[in-house]
Amino acid sequence: MSCLLLPNSWSTTILASKERRVIEPRKKQQDAGSTRDRILITNSEIAQPNSIPPLVSALKTCAHQNAATFHFPGHNRGRAAPSSLVHLIGLKPFIHDLPELPQLDNLFSPEGPILEAQKLAAKLFGSSETWFLVGGTTCGIQAAILATCSPGDYLILPRNSHISAISAIVLSGVIPKYIIPDYDCLWDITAGVTLSQIEKAIEELHMEGQKVGAVFITSPTYHGICSNLTDISKLCHSYEIPVIVDEAHGAHFGFHPQLPSSALQQGADLAVQSTHKVLCSLTQSSMLHMSGNIVDRERICRCLQTLQSTSPSYLLLASLDAARAQLSEKPGRIFNNALDLALETKNLIRNIPGISMLGTLGFSNFPVVDPLRLTFGFWRLGLSGFEADETLYSDQGVISELVGTRSITFAINLGTCRDHIQRLACGIKNLSEASLLSFEKIKGQIEDHCGSAPFSDITMSLNPREAFFARKRKVAIGESLGKICGELICPYPPGIPVMIPGETITKKALEYLVLVKNKGATISGASDPLLNSIVICDV
(Lines give C-alpha, C1' and ligand atoms only; values in the text may rest on other atoms or scores of the structure.)
Protein backbone atom coordinates (compact mmCIF):
# COMPACT_ATOMS: atom_id res chain seq x y z
CA MET A 1 0.00 0.00 0.00
CA SER A 2 1.26 3.43 -0.86
CA CYS A 3 1.20 5.57 2.27
CA LEU A 4 1.92 9.17 3.06
CA LEU A 5 4.41 9.46 5.94
CA LEU A 6 4.43 12.96 7.36
CA PRO A 7 7.03 14.76 9.47
CA ASN A 8 6.33 16.38 12.84
CA SER A 9 4.86 19.39 11.08
CA TRP A 10 2.20 17.12 9.59
CA SER A 11 -0.70 19.13 11.02
CA THR A 12 0.22 22.15 8.91
CA THR A 13 0.70 20.26 5.67
CA ILE A 14 -1.81 21.10 2.96
CA LEU A 15 -2.39 18.72 0.11
CA ALA A 16 -4.28 19.77 -2.97
CA SER A 17 -5.34 17.87 -6.03
CA LYS A 18 -7.08 18.80 -9.21
CA GLU A 19 -10.71 17.86 -9.46
CA ARG A 20 -11.94 16.14 -12.59
CA ARG A 21 -15.48 16.82 -13.69
CA VAL A 22 -17.13 13.44 -14.23
CA ILE A 23 -20.33 14.62 -15.92
CA GLU A 24 -20.43 17.38 -18.49
CA PRO A 25 -24.05 18.27 -19.23
CA ARG A 26 -24.85 19.26 -22.80
CA LYS A 27 -25.75 22.76 -21.76
CA LYS A 28 -24.56 24.63 -18.69
CA GLN A 29 -27.33 26.75 -17.24
CA GLN A 30 -26.69 29.67 -14.93
CA ASP A 31 -28.73 32.59 -13.75
CA ALA A 32 -28.81 35.10 -10.93
CA GLY A 33 -30.87 32.72 -8.83
CA SER A 34 -28.40 29.83 -9.07
CA THR A 35 -25.51 32.18 -8.23
CA ARG A 36 -27.38 33.39 -5.17
CA ASP A 37 -28.06 29.76 -4.15
CA ARG A 38 -24.34 28.98 -4.31
CA ILE A 39 -23.56 32.00 -2.14
CA LEU A 40 -26.10 30.85 0.43
CA ILE A 41 -24.59 27.37 0.51
CA THR A 42 -21.09 28.79 0.95
CA ASN A 43 -22.21 31.04 3.80
CA SER A 44 -23.96 28.16 5.55
CA GLU A 45 -20.66 26.30 5.74
CA ILE A 46 -19.03 28.99 7.90
CA ALA A 47 -18.77 27.68 11.45
CA GLN A 48 -20.55 29.54 14.24
CA PRO A 49 -17.88 29.89 16.95
CA ASN A 50 -20.36 30.45 19.79
CA SER A 51 -22.56 27.44 19.09
CA ILE A 52 -20.24 24.47 18.67
CA PRO A 53 -22.18 21.27 19.50
CA PRO A 54 -20.81 19.37 22.53
CA LEU A 55 -19.58 16.27 20.74
CA VAL A 56 -18.14 18.29 17.86
CA SER A 57 -16.34 20.48 20.39
CA ALA A 58 -14.92 17.48 22.25
CA LEU A 59 -13.70 15.91 19.01
CA LYS A 60 -12.05 19.15 17.93
CA THR A 61 -10.28 19.60 21.25
CA CYS A 62 -9.09 16.01 21.37
CA ALA A 63 -7.82 16.01 17.78
CA HIS A 64 -5.72 19.13 18.26
CA GLN A 65 -4.03 18.21 21.51
CA ASN A 66 -0.26 17.80 21.50
CA ALA A 67 -0.18 14.12 22.40
CA ALA A 68 2.23 11.24 21.89
CA THR A 69 -0.20 8.73 20.43
CA PHE A 70 0.12 4.96 20.75
CA HIS A 71 -3.45 3.95 19.99
CA PHE A 72 -5.59 2.85 17.08
CA PRO A 73 -6.52 3.45 14.28
CA GLY A 74 -3.28 2.64 12.52
CA HIS A 75 -3.11 5.78 10.40
CA ASN A 76 -2.26 7.54 13.70
CA ARG A 77 -4.25 10.76 13.25
CA GLY A 78 -3.28 10.98 9.59
CA ARG A 79 0.47 10.47 9.94
CA ALA A 80 0.25 7.24 7.90
CA ALA A 81 -2.94 7.94 5.99
CA PRO A 82 -3.15 6.24 2.57
CA SER A 83 -2.03 8.83 0.05
CA SER A 84 -4.73 8.02 -2.50
CA LEU A 85 -7.48 8.81 0.00
CA VAL A 86 -5.69 11.89 1.34
CA HIS A 87 -5.59 13.28 -2.19
CA LEU A 88 -9.33 12.66 -2.41
CA ILE A 89 -10.63 13.97 0.93
CA GLY A 90 -7.64 15.67 2.60
CA LEU A 91 -6.12 15.07 6.02
CA LYS A 92 -8.83 16.49 8.29
CA PRO A 93 -11.05 13.39 8.33
CA PHE A 94 -8.06 11.31 9.45
CA ILE A 95 -7.05 13.84 12.11
CA HIS A 96 -10.54 13.59 13.59
CA ASP A 97 -10.93 9.82 13.14
CA LEU A 98 -10.35 8.97 16.79
CA PRO A 99 -11.15 5.94 18.98
CA GLU A 100 -12.97 5.76 22.33
CA LEU A 101 -10.73 8.14 24.24
CA PRO A 102 -11.84 9.22 27.74
CA GLN A 103 -12.48 12.79 26.60
CA LEU A 104 -14.85 11.56 23.86
CA ASP A 105 -17.15 9.50 26.11
CA ASN A 106 -18.45 5.96 25.58
CA LEU A 107 -21.39 5.30 23.26
CA PHE A 108 -22.72 2.41 25.36
CA SER A 109 -22.33 4.12 28.74
CA PRO A 110 -22.33 7.85 27.99
CA GLU A 111 -21.58 10.31 30.77
CA GLY A 112 -20.02 13.23 28.91
CA PRO A 113 -20.35 14.84 25.47
CA ILE A 114 -22.26 11.92 23.90
CA LEU A 115 -24.81 12.00 26.71
CA GLU A 116 -25.15 15.76 26.39
CA ALA A 117 -25.52 15.52 22.60
CA GLN A 118 -28.18 12.82 22.87
CA LYS A 119 -30.11 14.83 25.46
CA LEU A 120 -30.10 17.87 23.17
CA ALA A 121 -31.36 15.67 20.32
CA ALA A 122 -34.12 14.24 22.53
CA LYS A 123 -35.26 17.74 23.43
CA LEU A 124 -35.32 18.86 19.80
CA PHE A 125 -37.12 15.80 18.42
CA GLY A 126 -39.52 15.52 21.35
CA SER A 127 -38.47 12.14 22.69
CA SER A 128 -38.00 10.93 26.24
CA GLU A 129 -34.65 9.51 25.16
CA THR A 130 -32.59 9.43 21.98
CA TRP A 131 -29.77 7.08 21.02
CA PHE A 132 -27.16 7.82 18.35
CA LEU A 133 -26.65 5.01 15.83
CA VAL A 134 -23.55 4.27 13.77
CA GLY A 135 -25.06 1.23 12.06
CA GLY A 136 -27.71 3.18 10.21
CA THR A 137 -31.46 2.86 10.62
CA THR A 138 -31.03 -0.86 9.96
CA CYS A 139 -29.40 -1.20 13.38
CA GLY A 140 -32.14 0.88 15.04
CA ILE A 141 -34.95 -1.17 13.51
CA GLN A 142 -33.32 -4.40 14.59
CA ALA A 143 -32.82 -3.08 18.13
CA ALA A 144 -36.42 -1.82 18.33
CA ILE A 145 -37.86 -5.20 17.32
CA LEU A 146 -35.51 -7.16 19.59
CA ALA A 147 -36.38 -4.84 22.49
CA THR A 148 -40.14 -5.27 22.15
CA CYS A 149 -40.58 -8.86 20.91
CA SER A 150 -39.56 -12.21 22.36
CA PRO A 151 -39.18 -15.51 20.47
CA GLY A 152 -42.61 -16.81 19.52
CA ASP A 153 -44.31 -13.39 19.72
CA TYR A 154 -46.03 -12.02 16.64
CA LEU A 155 -44.92 -8.84 14.90
CA ILE A 156 -47.55 -7.09 12.80
CA LEU A 157 -45.90 -5.36 9.87
CA PRO A 158 -46.55 -4.41 6.23
CA ARG A 159 -45.26 -6.88 3.67
CA ASN A 160 -43.34 -4.06 1.95
CA SER A 161 -41.17 -3.43 5.02
CA HIS A 162 -37.45 -2.83 4.57
CA ILE A 163 -35.10 -5.78 4.57
CA SER A 164 -33.80 -4.74 8.02
CA ALA A 165 -37.16 -5.66 9.56
CA ILE A 166 -36.92 -9.14 8.04
CA SER A 167 -33.40 -9.61 9.38
CA ALA A 168 -34.69 -8.52 12.80
CA ILE A 169 -37.36 -11.24 12.59
CA VAL A 170 -34.64 -13.81 11.92
CA LEU A 171 -32.52 -12.51 14.82
CA SER A 172 -35.39 -12.30 17.32
CA GLY A 173 -37.33 -15.44 16.46
CA VAL A 174 -40.64 -13.58 16.25
CA ILE A 175 -43.31 -14.62 13.78
CA PRO A 176 -44.47 -12.09 11.19
CA LYS A 177 -48.13 -11.23 10.67
CA TYR A 178 -48.03 -9.48 7.32
CA ILE A 179 -50.37 -6.75 6.15
CA ILE A 180 -50.67 -6.34 2.39
CA PRO A 181 -50.51 -2.60 1.68
CA ASP A 182 -52.50 -0.74 -0.95
CA TYR A 183 -50.93 -1.05 -4.41
CA ASP A 184 -51.25 1.16 -7.48
CA CYS A 185 -50.45 -0.88 -10.58
CA LEU A 186 -50.23 2.19 -12.80
CA TRP A 187 -47.28 3.47 -10.77
CA ASP A 188 -46.08 0.06 -9.52
CA ILE A 189 -45.97 1.63 -6.05
CA THR A 190 -47.22 0.40 -2.67
CA ALA A 191 -48.57 2.69 0.03
CA GLY A 192 -48.86 2.48 3.81
CA VAL A 193 -51.20 0.58 6.12
CA THR A 194 -54.63 1.59 7.42
CA LEU A 195 -56.19 1.54 10.86
CA SER A 196 -58.67 -1.16 9.82
CA GLN A 197 -55.84 -3.42 8.61
CA ILE A 198 -54.02 -3.12 11.93
CA GLU A 199 -57.22 -3.69 13.89
CA LYS A 200 -58.06 -6.80 11.89
CA ALA A 201 -54.58 -8.25 12.39
CA ILE A 202 -54.67 -7.67 16.15
CA GLU A 203 -58.13 -9.21 16.50
CA GLU A 204 -57.18 -12.27 14.44
CA LEU A 205 -54.12 -12.94 16.59
CA HIS A 206 -56.03 -12.40 19.84
CA MET A 207 -58.71 -14.84 18.73
CA GLU A 208 -55.96 -17.39 18.09
CA GLY A 209 -54.52 -16.76 21.56
CA GLN A 210 -51.28 -15.33 20.17
CA LYS A 211 -49.25 -12.56 21.77
CA VAL A 212 -48.50 -9.44 19.72
CA GLY A 213 -45.06 -8.13 20.61
CA ALA A 214 -45.27 -4.93 18.55
CA VAL A 215 -46.74 -3.26 15.50
CA PHE A 216 -44.17 -2.09 12.97
CA ILE A 217 -45.04 0.55 10.38
CA THR A 218 -43.07 2.26 7.61
CA SER A 219 -44.08 5.91 7.45
CA PRO A 220 -43.27 7.67 5.26
CA THR A 221 -42.59 5.15 2.51
CA TYR A 222 -39.67 5.72 0.16
CA HIS A 223 -42.09 7.65 -2.07
CA GLY A 224 -43.18 9.87 0.84
CA ILE A 225 -46.61 8.30 1.49
CA CYS A 226 -47.62 8.57 5.15
CA SER A 227 -49.86 6.36 7.28
CA ASN A 228 -52.25 7.72 9.93
CA LEU A 229 -50.06 6.99 12.93
CA THR A 230 -52.22 8.93 15.37
CA ASP A 231 -55.20 6.59 15.11
CA ILE A 232 -53.01 3.49 14.80
CA SER A 233 -51.07 4.43 17.95
CA LYS A 234 -54.30 4.97 19.94
CA LEU A 235 -55.59 1.57 18.84
CA CYS A 236 -52.36 -0.26 19.68
CA HIS A 237 -52.02 1.44 23.06
CA SER A 238 -55.54 0.33 23.98
CA TYR A 239 -54.12 -3.20 23.71
CA GLU A 240 -50.84 -2.13 25.39
CA ILE A 241 -48.96 -2.94 22.18
CA PRO A 242 -45.94 -0.73 21.35
CA VAL A 243 -45.74 0.98 17.97
CA ILE A 244 -42.41 1.01 16.12
CA VAL A 245 -42.09 3.35 13.15
CA ASP A 246 -39.48 3.06 10.44
CA GLU A 247 -39.21 6.80 9.88
CA ALA A 248 -35.98 6.57 7.91
CA HIS A 249 -37.23 9.05 5.33
CA GLY A 250 -38.99 11.38 7.78
CA ALA A 251 -36.35 12.82 10.12
CA HIS A 252 -37.43 16.29 8.93
CA PHE A 253 -41.10 15.80 9.78
CA GLY A 254 -42.58 18.22 12.28
CA PHE A 255 -40.08 21.00 11.63
CA HIS A 256 -42.29 23.11 9.35
CA PRO A 257 -46.06 23.71 9.14
CA GLN A 258 -46.10 22.34 5.58
CA LEU A 259 -44.41 19.09 6.61
CA PRO A 260 -46.28 16.10 8.09
CA SER A 261 -46.22 15.52 11.85
CA SER A 262 -43.48 13.24 13.10
CA ALA A 263 -44.10 9.71 14.35
CA LEU A 264 -43.46 10.77 17.95
CA GLN A 265 -45.91 13.65 17.61
CA GLN A 266 -48.49 11.07 16.50
CA GLY A 267 -47.96 8.80 19.48
CA ALA A 268 -45.37 6.25 18.32
CA ASP A 269 -43.32 4.56 21.04
CA LEU A 270 -40.15 4.06 19.00
CA ALA A 271 -39.12 5.93 15.86
CA VAL A 272 -35.96 5.22 13.89
CA GLN A 273 -34.75 8.02 11.63
CA SER A 274 -32.03 8.18 8.99
CA THR A 275 -30.59 11.53 10.00
CA HIS A 276 -28.30 11.25 6.98
CA LYS A 277 -31.13 11.33 4.44
CA VAL A 278 -33.08 14.63 4.34
CA LEU A 279 -31.08 16.00 7.28
CA CYS A 280 -27.34 16.51 6.99
CA SER A 281 -25.36 14.02 9.06
CA LEU A 282 -22.87 11.66 7.45
CA THR A 283 -24.09 8.56 5.64
CA GLN A 284 -24.72 5.57 7.96
CA SER A 285 -25.58 7.77 10.97
CA SER A 286 -29.11 7.59 12.39
CA MET A 287 -31.10 8.14 15.58
CA LEU A 288 -33.48 6.00 17.62
CA HIS A 289 -36.10 7.95 19.56
CA MET A 290 -38.30 6.65 22.38
CA SER A 291 -41.47 8.08 23.86
CA GLY A 292 -43.93 6.87 26.49
CA ASN A 293 -43.38 4.11 29.05
CA ILE A 294 -44.46 0.94 27.23
CA VAL A 295 -40.96 0.01 26.04
CA ASP A 296 -38.22 -1.08 28.44
CA ARG A 297 -35.38 1.44 28.13
CA GLU A 298 -32.74 -0.92 29.56
CA ARG A 299 -33.65 -3.59 27.04
CA ILE A 300 -33.11 -1.11 24.20
CA CYS A 301 -29.67 -0.31 25.59
CA ARG A 302 -28.77 -3.99 25.76
CA CYS A 303 -29.98 -4.58 22.20
CA LEU A 304 -28.02 -1.63 20.86
CA GLN A 305 -24.88 -2.84 22.60
CA THR A 306 -25.42 -6.26 21.02
CA LEU A 307 -25.89 -4.85 17.51
CA GLN A 308 -23.63 -1.82 17.29
CA SER A 309 -19.89 -1.77 16.79
CA THR A 310 -17.72 -1.54 19.88
CA SER A 311 -15.52 0.81 17.86
CA PRO A 312 -18.00 3.48 16.73
CA SER A 313 -16.88 6.20 14.36
CA TYR A 314 -16.74 9.52 16.17
CA LEU A 315 -16.97 11.27 12.83
CA LEU A 316 -20.43 9.72 12.42
CA LEU A 317 -21.41 10.50 16.01
CA ALA A 318 -20.21 14.10 15.74
CA SER A 319 -22.10 14.52 12.47
CA LEU A 320 -25.33 13.58 14.27
CA ASP A 321 -24.62 16.23 16.90
CA ALA A 322 -23.82 18.76 14.17
CA ALA A 323 -26.99 17.97 12.21
CA ARG A 324 -29.03 18.44 15.37
CA ALA A 325 -27.38 21.80 16.00
CA GLN A 326 -27.96 22.89 12.40
CA LEU A 327 -31.65 22.06 12.69
CA SER A 328 -32.07 23.68 16.10
CA GLU A 329 -30.74 27.06 14.92
CA LYS A 330 -33.99 27.76 13.05
CA PRO A 331 -36.24 24.68 13.32
CA GLY A 332 -39.36 26.40 12.02
CA ARG A 333 -37.71 28.06 9.03
CA ILE A 334 -34.83 25.89 7.89
CA PHE A 335 -36.95 24.12 5.25
CA ASN A 336 -38.50 27.28 3.79
CA ASN A 337 -36.20 27.34 0.77
CA ALA A 338 -36.40 23.58 0.16
CA LEU A 339 -40.21 23.68 0.21
CA ASP A 340 -40.25 26.65 -2.16
CA LEU A 341 -37.94 24.82 -4.56
CA ALA A 342 -40.06 21.67 -4.37
CA LEU A 343 -43.16 23.67 -5.34
CA GLU A 344 -41.22 25.38 -8.12
CA THR A 345 -40.15 21.98 -9.45
CA LYS A 346 -43.74 20.75 -9.53
CA ASN A 347 -44.87 23.87 -11.37
CA LEU A 348 -42.09 23.53 -13.95
CA ILE A 349 -42.83 19.86 -14.69
CA ARG A 350 -46.57 19.35 -14.09
CA ASN A 351 -47.59 20.60 -17.58
CA ILE A 352 -44.89 18.83 -19.59
CA PRO A 353 -46.72 16.50 -22.02
CA GLY A 354 -46.55 12.79 -21.18
CA ILE A 355 -45.31 13.25 -17.61
CA SER A 356 -47.36 12.08 -14.63
CA MET A 357 -46.93 13.39 -11.10
CA LEU A 358 -47.61 11.21 -8.07
CA GLY A 359 -50.30 12.67 -5.82
CA THR A 360 -52.90 11.15 -3.56
CA LEU A 361 -55.54 10.27 -6.17
CA GLY A 362 -54.37 6.67 -6.42
CA PHE A 363 -54.09 6.40 -2.63
CA SER A 364 -57.24 7.93 -1.21
CA ASN A 365 -56.58 6.27 2.16
CA PHE A 366 -53.30 8.16 2.45
CA PRO A 367 -53.88 11.89 1.93
CA VAL A 368 -50.56 12.97 3.47
CA VAL A 369 -47.43 12.90 1.28
CA ASP A 370 -44.02 14.39 1.99
CA PRO A 371 -43.83 17.58 -0.15
CA LEU A 372 -40.06 17.19 -0.47
CA ARG A 373 -40.37 13.81 -2.21
CA LEU A 374 -41.28 14.23 -5.90
CA THR A 375 -42.18 11.22 -8.05
CA PHE A 376 -42.75 11.51 -11.79
CA GLY A 377 -44.05 8.80 -14.12
CA PHE A 378 -42.80 8.28 -17.69
CA TRP A 379 -44.97 5.44 -19.02
CA ARG A 380 -46.99 7.82 -21.24
CA LEU A 381 -43.72 8.44 -23.09
CA GLY A 382 -43.24 4.70 -23.51
CA LEU A 383 -40.29 4.76 -21.10
CA SER A 384 -39.53 2.82 -17.96
CA GLY A 385 -38.15 4.69 -14.99
CA PHE A 386 -34.77 3.08 -15.64
CA GLU A 387 -34.69 4.29 -19.25
CA ALA A 388 -35.74 7.80 -18.29
CA ASP A 389 -33.17 7.90 -15.51
CA GLU A 390 -30.36 6.91 -17.84
CA THR A 391 -31.30 9.66 -20.28
CA LEU A 392 -31.57 12.31 -17.56
CA TYR A 393 -28.13 11.35 -16.31
CA SER A 394 -26.46 11.50 -19.72
CA ASP A 395 -28.38 14.59 -20.87
CA GLN A 396 -28.24 16.88 -17.83
CA GLY A 397 -26.13 15.07 -15.24
CA VAL A 398 -29.23 14.53 -13.10
CA ILE A 399 -28.85 11.85 -10.42
CA SER A 400 -32.11 10.67 -8.86
CA GLU A 401 -32.84 9.11 -5.47
CA LEU A 402 -35.04 6.16 -6.48
CA VAL A 403 -35.73 4.53 -9.84
CA GLY A 404 -38.72 2.28 -10.43
CA THR A 405 -40.25 0.38 -13.32
CA ARG A 406 -42.65 3.23 -14.09
CA SER A 407 -41.29 6.29 -12.33
CA ILE A 408 -38.40 8.16 -10.77
CA THR A 409 -38.35 9.76 -7.33
CA PHE A 410 -36.34 12.92 -6.64
CA ALA A 411 -35.47 14.10 -3.12
CA ILE A 412 -35.44 17.83 -2.39
CA ASN A 413 -33.29 18.72 0.61
CA LEU A 414 -31.45 21.56 2.31
CA GLY A 415 -28.68 21.44 -0.27
CA THR A 416 -30.91 21.60 -3.35
CA CYS A 417 -30.30 24.66 -5.54
CA ARG A 418 -32.27 26.29 -8.34
CA ASP A 419 -29.71 25.43 -11.00
CA HIS A 420 -30.23 21.71 -10.35
CA ILE A 421 -34.00 22.07 -10.50
CA GLN A 422 -33.79 23.83 -13.84
CA ARG A 423 -31.53 21.08 -15.18
CA LEU A 424 -34.05 18.47 -14.02
CA ALA A 425 -36.92 20.32 -15.69
CA CYS A 426 -34.90 20.77 -18.87
CA GLY A 427 -34.00 17.09 -18.98
CA ILE A 428 -37.62 15.97 -18.50
CA LYS A 429 -38.78 18.44 -21.15
CA ASN A 430 -36.23 16.97 -23.57
CA LEU A 431 -37.51 13.47 -22.78
CA SER A 432 -41.03 14.56 -23.57
CA GLU A 433 -40.10 16.21 -26.85
CA ALA A 434 -38.08 13.18 -27.97
CA SER A 435 -40.99 10.76 -27.54
CA LEU A 436 -42.44 9.60 -30.85
CA LEU A 437 -44.78 6.86 -29.60
CA SER A 438 -48.49 7.09 -30.40
CA PHE A 439 -51.06 7.42 -27.63
CA GLU A 440 -52.78 4.14 -28.59
CA LYS A 441 -49.57 2.15 -28.34
CA ILE A 442 -48.76 3.66 -24.97
CA LYS A 443 -52.30 3.07 -23.74
CA GLY A 444 -51.92 -0.61 -24.53
CA GLN A 445 -48.68 -0.78 -22.56
CA ILE A 446 -50.39 0.77 -19.53
CA GLU A 447 -53.25 -1.72 -19.61
CA ASP A 448 -50.94 -4.70 -20.08
CA HIS A 449 -48.89 -3.73 -17.04
CA CYS A 450 -51.71 -3.43 -14.51
CA GLY A 451 -51.97 -6.22 -12.01
CA SER A 452 -51.70 -6.75 -8.28
CA ALA A 453 -48.76 -6.39 -5.95
CA PRO A 454 -46.14 -9.13 -6.48
CA PHE A 455 -46.58 -10.29 -2.87
CA SER A 456 -50.36 -10.02 -2.62
CA ASP A 457 -50.95 -13.79 -2.37
CA ILE A 458 -48.12 -14.95 -0.12
CA THR A 459 -48.12 -18.23 1.75
CA MET A 460 -45.64 -18.67 4.60
CA SER A 461 -44.59 -22.33 4.88
CA LEU A 462 -41.77 -21.63 7.35
CA ASN A 463 -41.17 -18.56 9.47
CA PRO A 464 -38.10 -16.53 8.40
CA ARG A 465 -35.90 -17.84 11.22
CA GLU A 466 -36.73 -21.47 10.47
CA ALA A 467 -36.04 -20.87 6.78
CA PHE A 468 -32.77 -19.08 7.55
CA PHE A 469 -31.37 -22.14 9.34
CA ALA A 470 -32.96 -24.78 7.10
CA ARG A 471 -30.88 -26.92 4.74
CA LYS A 472 -30.94 -25.46 1.24
CA ARG A 473 -30.21 -26.29 -2.37
CA LYS A 474 -30.17 -24.42 -5.64
CA VAL A 475 -32.64 -25.20 -8.44
CA ALA A 476 -33.32 -23.75 -11.87
CA ILE A 477 -35.87 -20.95 -11.81
CA GLY A 478 -38.31 -23.07 -13.81
CA GLU A 479 -38.22 -25.76 -11.13
CA SER A 480 -38.71 -23.37 -8.19
CA LEU A 481 -42.45 -22.74 -8.56
CA GLY A 482 -44.29 -23.95 -5.48
CA LYS A 483 -41.08 -24.59 -3.53
CA ILE A 484 -40.13 -22.80 -0.27
CA CYS A 485 -37.87 -19.82 -0.90
CA GLY A 486 -34.51 -20.05 0.85
CA GLU A 487 -33.11 -16.60 0.17
CA LEU A 488 -34.26 -13.02 0.53
CA ILE A 489 -34.63 -11.49 -2.94
CA CYS A 490 -35.41 -7.85 -3.53
CA PRO A 491 -34.91 -5.28 -6.26
CA TYR A 492 -32.62 -2.52 -5.01
CA PRO A 493 -33.35 0.25 -4.37
CA PRO A 494 -35.57 0.45 -2.36
CA GLY A 495 -34.70 -2.85 -0.67
CA ILE A 496 -38.27 -4.15 -0.35
CA PRO A 497 -38.23 -7.97 -0.57
CA VAL A 498 -40.32 -9.65 -3.26
CA MET A 499 -39.43 -13.06 -1.82
CA ILE A 500 -38.68 -13.79 1.83
CA PRO A 501 -37.18 -17.05 3.14
CA GLY A 502 -39.97 -19.38 4.17
CA GLU A 503 -42.54 -18.17 1.63
CA THR A 504 -43.88 -20.36 -1.15
CA ILE A 505 -42.54 -19.23 -4.52
CA THR A 506 -45.36 -18.01 -6.75
CA LYS A 507 -45.59 -17.42 -10.48
CA LYS A 508 -46.53 -13.79 -9.86
CA ALA A 509 -43.41 -13.13 -7.77
CA LEU A 510 -41.13 -14.80 -10.33
CA GLU A 511 -42.66 -12.84 -13.20
CA TYR A 512 -42.31 -9.58 -11.29
CA LEU A 513 -38.64 -10.21 -10.52
CA VAL A 514 -37.89 -11.02 -14.15
CA LEU A 515 -39.79 -7.91 -15.24
CA VAL A 516 -37.89 -5.49 -13.01
CA LYS A 517 -34.57 -7.17 -13.81
CA ASN A 518 -35.20 -6.79 -17.53
CA LYS A 519 -36.09 -3.13 -17.01
CA GLY A 520 -32.75 -2.47 -15.31
CA ALA A 521 -33.22 -3.11 -11.57
CA THR A 522 -30.42 -4.62 -9.52
CA ILE A 523 -31.52 -7.83 -7.79
CA SER A 524 -30.16 -7.90 -4.24
CA GLY A 525 -29.90 -10.96 -2.00
CA ALA A 526 -30.17 -13.56 -4.73
CA SER A 527 -27.27 -15.99 -4.99
CA ASP A 528 -27.75 -15.78 -8.75
CA PRO A 529 -28.37 -12.11 -9.68
CA LEU A 530 -29.25 -13.21 -13.22
CA LEU A 531 -32.14 -15.23 -11.75
CA ASN A 532 -31.37 -18.35 -13.74
CA SER A 533 -31.53 -20.25 -10.46
CA ILE A 534 -32.97 -19.78 -6.96
CA VAL A 535 -32.05 -21.17 -3.55
CA ILE A 536 -34.87 -23.15 -1.92
CA CYS A 537 -35.31 -24.78 1.48
CA ASP A 538 -34.71 -28.50 1.16
CA VAL A 539 -37.39 -29.64 3.59
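The values are calculated or read from the model by the stated rules, or taken from the named source; none is laboratory data. Since the model is a prediction, treat every value here as computed from it, not as a measurement. Cβ placement follows ideal geometry from the backbone for every residue including glycine, while neighbour counts extend to all protein chains displayed. For accessibility, only protein heavy atoms count, side chains too; no ligands or nucleic acids. Shrake-Rupley method; radii C 1.70, N 1.55, O 1.52, S 1.80 Å.
P(r) for segment 51-192, from all Cα pairs and a bin width of 5 Å, is 2, 8, 12, 12, 12, 13, 12, 10, 9, 7, 3, 1, 0 %, short bins first. Secondary structure note: in the chain, about 70% of the DSSP beta bridges are antiparallel. Mind checking the log10 I(q)/I(0) for segment 335-438 at q = 0.17, 0.18, 0.23 Å⁻¹? Debye, one equal scatterer per Cα, no solvent, two decimals. With one equal scatterer per Cα and no solvent, log10 I(q)/I(0) is -0.75, -0.84, -1.35. Taking amide H positions as modeled 1.01 Å from N, with prolines and chain starts lacking one, no residue 5 or more places away or on another chain lies under 5 Å from ASN413. In this structure, GLU390 and LEU88 have a Cβ-Cβ separation that, at R0 = 30 Å, corresponds to a calculated FRET efficiency of about 0.65. In this simple spin-label model, placing a label point 7 Å from the Cα along the Cα-to-Cβ direction at both SER150 and ASN336 gives a separation of 5.3 nm. Available extension along the chain between ALA470 and ARG299 is 58.6 nm, counting 0.36 nm per residue and deducting the alpha carbon span.
Annotation: per residue accessible area for segment 335-438 equals 40 Å², rounded to a whole number [probe 1.4 Å, protein chains only]. Its Kirkwood hydrodynamic radius, worked out from the mean inverse distance over all distinct Cα pairs, puts the chain at 25.2 Å. Backbone N atoms of segment 410-426 closer than 11 Å to the 7 Å Cα→Cβ label point of GLU344 belong to residues 416-423.
Ranked by the mean number of other Cβ atoms within 10 Å of their residues, highest first, the peptides 516-525, 271-280, 222-231 come out as 271-280, 222-231, 516-525.
Kindly flag which residue pairs out of LYS119/LYS330; LYS177/LYS517; LYS472/LYS517; LYS346/LYS519; LYS177/LYS200; LYS234/LYS277 have an alpha-carbon separation exceeding 20 Å in this structure.
On the way: LYS119/LYS330 18 Å; LYS177/LYS517 28 Å; LYS472/LYS517 24 Å; LYS346/LYS519 26 Å; LYS177/LYS200 11 Å; LYS234/LYS277 29 Å.
Violating the 20 Å Cα-Cα cut-off are LYS177/LYS517; LYS472/LYS517; LYS346/LYS519; LYS234/LYS277.
Simple point charges give the picture: +1 on the Cβ of Lys and Arg, -1 on the Cβ of Asp and Glu, and for the chain a dipole about the Cα centre of about 1220 debye.
Hey, what number do you get for the chain at 222 nm if only DSSP H runs of n ≥ 4 count, each worth -39500 (n - 2.57), divided across all residues, to the nearest 500?
Working: 17 runs with 192 residues, N = 539.
After summing the helix terms and dividing by residue count, I get -11000 deg cm²/dmol.
Carbon and sulfur together cover what percent of the accessible area of the chain at a 1.4 Å probe radius? Result for the chain: 53 percent of the exposed heavy-atom area is carbon or sulfur. Simple point charges give the picture: +1 on the Cβ of Lys and Arg, -1 on the Cβ of Asp and Glu, and for segment 113-329 a dipole about the Cα centre of about 420 debye.
For segment 54-96, count all C-alpha to C-alpha pairs, find those more than 11 Å apart, and express that count as a whole percent of the total.
Numbers: 608 of 903 pairs.
Tail fraction, whole percent: 67.
Loop-located GluC sites (Glu not before Pro) in segment 110-171 (DSSP state other than H, G, I, E, B) with a sparse environment of at most 15 neighbouring Cβ atoms within 10 Å: GLU111.
Each residue of segment 409-414 was assigned a 3J(HN,Hα) from its phi angle through the Karplus curve 6.51 cos²θ - 1.76 cosθ + 1.60 (θ = phi - 60°); the sequence is 10, 10, 9, 8, 9, 5 Hz, with glycine and proline shown as x. The residue list LEU531, THR218, LEU229 was ranked by how far each Cα lies along the charge dipole of the chain toward its positive end, using unit charges on Cβ atoms, and LEU531 comes out on top.
When peptides 346-356, 308-318 are ranked by their average number of other Cβ atoms within 10 Å per residue, the highest-first order is 308-318, 346-356. Each residue was assigned an accessible area with a 1.4 Å probe, and for THR459 the value is about 80 Å². When Rg and the Kirkwood radius Rh are both evaluated on Cα atoms of segment 459-537, their ratio Rg/Rh stands at 0.93. Compared with the alpha-carbon gap, the fully stretched path from LYS507 to PHE72 is longer by 151.3 nm at 0.36 nm per residue.
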